[in-house]
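A short write-up of the structure that comes next.
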Amino acid sequence: MSGTGRNVKGRALGRLESYRQLKRAIPGLDNIYTIIPTLIHGSNNDTPSILIIGAGGGREIEVIKRSGALGQVTAIDPSAENLNLARAVTGSDSNIKLINGTMDILPHGETFDIITSLFVMHHLPDDCEKLEYLRSIKKHLAKSGVLIHADACLEEARELERLVSYFEATSDALGIPDEIVSLELSSIKNLPLISEERTYELFAQSEIFNPQVVFRTLWYRCWVGKNT
């Protein structure tokens, strides 16, 4: 979820505001982020190390800071522009390290107690890239570590057609700008989305620990699972 738009009065929206408007347009989508502090406080480690993949927007950093987690947080994003949005949230917190790049540049053998992957994999084609992405996560997830993984997911094209009317009605009720609505719909139609069944196949092939769906809204799903 990314992009820019204009509000109903015509004032240009900044990248961060557009990003948050996109999330508001999906019923309940922001509730995915409430899972993060719950899992942090429920982990066996009082100061868990956390990796945030795709840190642009800084929403995960916000909820982690509010949760009072004292462990080291590493936030990574291949876009320097997106990372600047996260930097605005981070401030001078020395427990949060921002990295411009992908997981490939993480030190070999470095692992994390919690990894968040929110709305990242659905941008990757299912031509081994999705599988390699999950295998990279597995490689950096500590023993008994927790993955929080959210993605757009559709069983078939007709499912999107049935859901669009609900999305548009919610957006209208919330006063979401038309440009934001159009951006979300055009993005979803052009993403290399896979089914929930295929997602489970990729989890299994990457040897990721039987994740469970804990949240769903329209075309978005969120899975949580433990490394074994």
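A compact table of results
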| quantity | calculated |
| --- | --- |
| Between the stretch 170-205 and the stretch 46-73, the Cα center-to-center distance that results, in Å | 24 |
| Listed residue pairs exceeding 23 Å between alpha carbons, taken from 65/97; 97/139; 97/130 | 97/130 |
| Estimated inter-spin distance, residue 31 and residue 189, nm [label 7 Å along Cα→Cβ] | 2.9 |
| Efficiency of FRET from Cβ geometry, residue 135 and residue 108, R₀ 22 Å, rounded to 0.05 | 0.95 |
| (i) 1.06; (ii) 1.29; (iii) 0.95, with the label sought being that of the calculated Rg/Rh (Cα atoms, Kirkwood Rh) | (iii) |
| Nitroxide proxy distance, nm - points 7 Å out along Cα→Cβ at residue 128 and residue 84 | 3.6 |
| The chain - charge dipole about Cα centre, Lys and Arg +1 at Cβ, Asp and Glu -1, debye rounded to 20 | 600 |
| Local net charge near residue 146, Cβ-Cβ under 12 Å (Lys/Arg +1, Asp/Glu -1) | +1 |
| Per residue value of the accessible surface for the stretch 132-228 (all protein chains in place, 1.4 Å probe), Å² | 48 |
| Per-pair calculated FRET efficiency, R0 = 30 Å: residue 93 and residue 205 via Cβ, rounded to 0.05 | 0.25 |
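The values are calculated or read from the model by the stated rules, or taken from the named source; none is laboratory data. All values derive from a computational prediction rather than experimental measurement. In this analysis, Cβ positions are derived from the backbone assuming ideal geometry, glycine residues included, and neighbour counts consider all displayed protein chains. Accessible surface is based on the protein model in full, side chains and every heavy atom, while ligands, DNA and RNA are left aside. Shrake-Rupley method; radii C 1.70, N 1.55, O 1.52, S 1.80 Å.
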